[in-house]
Amino acid sequence: MKSLLDTFGNDVPLSLAAYNAGESRVQRLGRVPDIPETRDYVRNITKMYGKNQEVRQQQKLGPQPNPSL
C-alpha cells in the first residue's frame, strides 16, 4: 500500500482503487474506475479510515469535559 500511496501522491482513494482494480488501470484513467466493486471498496475503506482518524484524534486529546455539568 505504501508504494501505491507513493505512486499516486498520497491520494488515498486512487491508491485504494489501484489496489483493488489494478495500478495500470487507475494510472490510465487518472481516476477511480467505474467498477461497482472498486467504488464500493474505496468508499468502505475510506469510511473506516475516517473513523479510525477520529478515534486517534480523540485519544490524543483525551477525555473532553461534559458541557452539561
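Among residues of the range 1-16 that are free of Cβ contacts under 8 Å to residues at least 60 places away in the same chain, those with a Cβ under 7 angstrom from a residue that is part of a loop (DSSP other than H, G, I, E, B) and surrounded by 16 or more Cβ atoms within 10 Å (Cβ to Cβ), sequence gap 6+ or separate chain, pair up as PRO13/VAL32; LEU14/PHE8; LEU14/VAL32; SER15/PHE8.
Right, SER68: modelled with pLDDT of 90 or more and exposed (fewer than 10 other Cβ atoms within 10 Å of the Cβ) or not? Criteria not met by SER68.
Only residues that are surrounded by fewer than 16 Cβ atoms within 10 Å (Cβ to Cβ) and modelled with pLDDT of 95 or more were counted in the range 10-33, giving 8.
The values are calculated or read from the model by the stated rules, or taken from the named source; none is laboratory data. Given the structure is predicted, the values throughout are model-derived calculations rather than measurements. When we count neighbours, we look across all protein chains shown, and the Cβ atoms used for this are built from the backbone with ideal geometry, even at glycine.
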